[in-house]
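Below is one structure, written out as structure tokens; the observations come after it.
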Amino acid sequence: VMLDPDRGLSLTIARVVQRLQGSSLHSQLERQARVSLHKPEIKLESLKEDIKDFLKTSGWEKKLQNAVYSELSVFPSSCHPAAPPEHIKEPLAYMRKAQGSWEKRILKSLNSMCTELNIPLAQKRPANEQKELLNKWNEMGTDEPDLSLFRPVYAPKDFLEVLMNLRNPNYENGEQPSFRNHLGLIQVPLKVKDIPELKEDFSELGLNIGQLGIDDSAQVPPEFFENEHVRVGKKVLAEQDSAAAQQYVRQGCPTALRADLWALILNISNQPEDILYYEQLKSNVIQHNLLVDSLIYKDVKLTASNDDYYFVFEDYLYQVLLCFSRDTSVLEHFTYSSATPPKSYIQGKLGMEEYAVFYPPNVNYNSFILSVAPLCFLYHEPSKLYQIFREMYVRFFFRLHSISSHPSGIVSLCLLFETLLQTHLPQLFYHLREIGAQPLRISFKWMVRAFSGYLATDQLLLLWDRILGYNSLEILAVLAAAVFAFRAVNLMEVTSLAAAEAVLADLSTLKVMPLLQIFLFATVT
């Protein structure tokens, strides 16, 4: 049933108002309005208008606009009021079912690890252990616990196998002719964009528009563009307007302004109550020991310690991820995610809700680590770093770990990648398919980790600028296809999956923006 636009708008307004009413911003606005009553310029006969003017001139109206914009960026557009809650999570029943099965499999793996190792999912730490952890909070990387018995809950290739087996039961007999021609690994009929649509969506990346990350644009001398872009960026920050910042970063962020611009887009201001909340999460980590703590330790040791760029941030990674595993505010995003959080109970308190522990459903901490690590280059204050990561997760990264039909979900990204290759590089696509090197088997890990750990850090941050700017992960699939296009000549000569992987093993020298521009705007469609 279609929802008429006016009804949809009023539902959206009602939802935003409801969500903001419980926020600290709401109480701050009320406090400011009360304070303004004592000002001489506030007249009783024009009270409402005078208070509105005061909130506008004192900058509070802008804060309210940013909060509304933030809500609209995160939550899905209004469904029909009669739609059941699971439709907001994911409209397609077979996707919901597949996500449910995947969650059961993860939970089973966690539970069997608990049984094998005789370790509870959650338990209170003894007092001496609490004290020890508190003392070494800023140097947890020096710890070397024996974690040889702990194993990763799943690897990206396990998740890919699940996505490859997805089928829409309505099309089981291949009765949809247009989709039968798709020869990739993903076999579900979702609508993905073609290059003309992508060109329109990513128009600011056009060949005749100045970009940070392009060194030799013929139209705009890079140094002239950069100086002007920095000037505009400072103005955007002075205005404190989230929507303007989001538009601005589509052409890239100057390094010196990036941290502040991202925080403005994500509406993160690191207020005293935010710092207090982070401290509460920290105390929760110190008081309770969760099974996932050991998985986090192991993954940080395996991932960051061996990475030339990220090893220096090892302590930050422990702090952020241990706090994240305790953060119940993250549960809010499950209203618009196809995932459902698994629940456990503190040992000996089974079934008692006040002792319930919710686990983030994506216990592939390896990918989480690679989502946090690049942010450590921008934010050095733990509570701010934590808030930025949490907001990036609930806006974007959770979609890379759950099964859904959302355009930024991992299923759609895989299908978009395969469709772009099959349509625009058919010879390469068929060649790799024939030799048993399906392109998605190589590119999946890049997309599921948003290219973190694969690109040089400066290039990764330029890519993430565009994720924030367009409020979409689709650019990951476009870049993955662009990498194959760039290495096409070498790939046409390989005769095995291993050889194809070798050609694409090192992406650290690639320049993201020229690749994207050439693929999108110089490809003949």
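The values are calculated or read from the model by the stated rules, or taken from the named source; none is laboratory data. Since the structure is predicted, the reported quantities are computational estimates derived from the model, not experimental observations. Don't worry about glycine lacking a Cβ; one is built from the backbone with ideal geometry, like all the others, and counts go over all protein chains shown. Note: areas computed on protein heavy atoms with side chains; ligands, DNA, RNA excluded. Shrake-Rupley method; radii C 1.70, N 1.55, O 1.52, S 1.80 Å.
Structure summary
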quantity	calculated
Residues of segment 396-436 classified as closer than 20 Å to residue 92 by Cβ and not aromatic (Phe, Trp, Tyr), total	20
Condition met for residue 283 (surrounded by fewer than 16 Cβ atoms within 10 Å (Cβ to Cβ), out of contact with any helix residue (DSSP H, G or I) (no Cβ under 8 Å at 6 or more places or on another chain) and not charged (D, E, K, R))	yes
Members of segment 180-214 found to be open to solvent by less than 60 Å² (accessible area, probe 1.4 Å) and either without any contact (Cβ under 8 Å) to a residue 24 or more places away in the chain or among the small types (Gly, Ala, Ser) (or both), listed by number	184, 187, 189, 203, 206, 210, 213
Whichever residue in segment 117-160 is among the acidic types (Asp, Glu) and assigned to a loop (DSSP other than H, G, I, E, B) and, among such residues, is least open to solvent (accessible area, probe 1.4 Å)	143
Segment 409-423: number of residues that are under 16 Å from the mean Cα position of the chain (by Cα) and either aliphatic (A, V, I, L, M) or open to solvent by 10 Å² or more (accessible area, probe 1.4 Å) (or both)	3
Segment 105-116, residues that are open to solvent by less than 40 Å² (accessible area, probe 1.4 Å) and without any contact (Cβ under 8 Å) to a residue 40 or more places away in the chain	none
Within segment 289-306, tally of residues that are more than 21 Å from the chain's Cα centre (by Cα) and of a type in the set (Asp, Glu)	1
Cβ-Cβ under 6 Å pairs, at least 6 apart or on other chains, segment 306-329 side under 20 Å from residue 144 (Cα atoms), far side among the small types (Gly, Ala, Ser) and not in a loop (DSSP other than H, G, I, E, B)	310/373; 313/373; 314/141; 315/141
Checklist (1) at pLDDT 75 or above; (2) surrounded by fewer than 12 Cβ atoms within 10 Å (Cβ to Cβ) applied to residue 69, failing item	(2)
Residues (outside any helix (DSSP H, G or I) and surrounded by fewer than 20 Cβ atoms within 10 Å (Cβ to Cβ)) located in segment 424-436	435, 436
Test: residue 85 is open to solvent by less than 70 Å² (accessible area, probe 1.4 Å), at pLDDT below 80, closer than 27 Å to residue 166 by Cα and not hydrophobic (A, V, I, L, M, F, W, C)	no
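Yes/no matrix, rows are residues, columns are (1) of a type outside the set (Lys, Arg); (2) at positive phi:
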| position | (1), (2) |
| --- | --- |
| 441 | no, no |
| 451 | yes, yes |
| 492 | yes, no |
| 505 | yes, no |
